1. Find the residue count for region 112-129, including only residues that are at pLDDT 85 or above and not basic (Lys, Arg).
2. Within the set of pairs 6+ apart or on separate chains, which have a first residue in region 96-113 that is in the same structural domain as residue 56 (by TED's automatic domain parsing) and among the polar types (S, T, N, Q), a second that is at pLDDT below 90 and surrounded by fewer than 19 Cβ atoms within 10 Å (Cβ to Cβ), and C-beta atoms under 7 Å apart?
3. Going by the conditions given, is residue 223 modelled with pLDDT of 90 or more and buried (at least 18 other Cβ atoms within 10 Å of the Cβ)?
4. Take the residues in region 50-66 that are under 20 Å from the mean Cα position of the chain (by Cα) and under 21 Å from residue 40 (Cα atoms); name whichever of them is surrounded by the most Cβ atoms within 10 Å (Cβ to Cβ).
5. Does region 78-117 hold any residues that are under 23 Å from the mean Cα position of the chain (by Cα) and either β-branched (Val, Ile, Thr) or assigned to a strand (DSSP E or B) (or both), and which are they?
6. How many residues are basic (Lys, Arg) and surrounded by 16 or more Cβ atoms within 10 Å (Cβ to Cβ) if we restrict to region 195-219?
7. Can you find a residue that is touching a helix residue (DSSP H, G or I) at 6+ places or on another chain (Cβ under 6 Å), closer than 20 Å to residue 260 by Cβ, at pLDDT below 90 and in the same structural domain as residue 278 (by TED's automatic domain parsing) anywhere in region 154-162?
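The values are calculated or read from the model by the stated rules, or taken from the named source; none is laboratory data. These figures come from a predicted structure and were not determined experimentally. We place every Cβ from the backbone using ideal geometry, glycine too, and count neighbours over all the protein chains shown.
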Amino acid sequence: MNTALLALCLVIAIAVFALFITWKKSNPYALVDLVETKTPEELRSFVTQATQHAEDMGGHLTLAHKVLPPMVISDERAAAADRASNLLVITRYSSSDAGEAALAARKSWVEQYTHRTYATTPAHPIELRILRTIFSLIELFSRVEVSGEGNQQQIESLIETSHIVQGAGIYEGDWSGQLKLSNNQPIWMLNFLEYTEEADYGAHPEAAPNKSISGKAAYKKYGDGMATSLACVGGRIGWKSNALKPLSGTDDGHWDEIAIAVYPSTRALMTMYAQPAYRAAHVHRLAGLARTRLVATQPITTQTRETL
């Protein structure tokens, strides 16, 4: 990356920080719903109800996505619920009061829907647009060709690398099945993150810093390292927030952050895994996380308001 690009990134980072301070003062609020629906009608009903309720509270629907079941790495505390979820809905509100009212209303939906709701503080949409600009610039200077199209040998190599990085890790099916399921369409990978109090580099002592650091600091090292790899395959950050609390009555523990990374395709995701820079960064993710939940999704409605 050249000096001019680094200078531009620094200016943008300062602008993002200023936006962050302003945004925090406005107390924005978002709800993240993971829903288990039995029929297409029930799925559409939840999206419609969530959208209308958000608009009544002065908010809006941010996204409504289907979950790709074989592409879920579940949290051990809620493995059955993770595997049963087939809908992701995110709604945003301009104030904490409106968001809290919407969260309270969700409690009355339990007889209609099987769902888990998480209250979050969303990132500013302009911050996400700025991040998109940074990722586009990185891609411009460091583009990596996505492997595998029409080449079975390359596909097999990508599958092997993906198993090494993430493990088979999927509760049913394999990477070959995921390639078919995603149909070469963009993947929106939902990440739930809980940091360790202190980073654990026991599995990779060679990557450990000289002094102990927090799990959050280790995950930041991962984020800094993987950003270039993500951008190089045409990926970006689609949505992110700090998690506040789950809906009362769920036993899902504490999550520190919820984020969505967008990949042009499953092949792009697997190509990223194959990059040496990503694999070097991944050890910090392993060291910094106490647990995680990964859920692959794709848009299902034209009502979706893309945040970038």
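1. Residues meeting the conditions: 11.
2. Going by the 7 Å Cβ cut-off, the qualifying pairs are 96/27.
3. Considered against the rule, which asks whether it is modelled with pLDDT of 90 or more and buried (at least 18 other Cβ atoms within 10 Å of the Cβ), residue 223 comes out as no.
4. Checking each candidate, the answer is 64.
5. Across region 78-117, the qualifying residues are 87, 88, 89, 90, 91, 92, 93, 114, 115, 116, 117.
6. 1
7. Yes, region 154-162 contains at least one residue that is touching a helix residue (DSSP H, G or I) at 6+ places or on another chain (Cβ under 6 Å), closer than 20 Å to residue 260 by Cβ, at pLDDT below 90 and in the same structural domain as residue 278 (by TED's automatic domain parsing).
Rundown of residues vs (1) aromatic (Phe, Trp, Tyr); (2) surrounded by fewer than 16 Cβ atoms within 10 Å (Cβ to Cβ); (3) within 19 Å of residue 240 (Cα to Cα), yes/no style:
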position: 69; (1), (2), (3): no, no, no
position: 90; (1), (2), (3): no, no, yes
position: 103; (1), (2), (3): no, no, yes
position: 113; (1), (2), (3): yes, no, no
position: 131; (1), (2), (3): no, no, yes
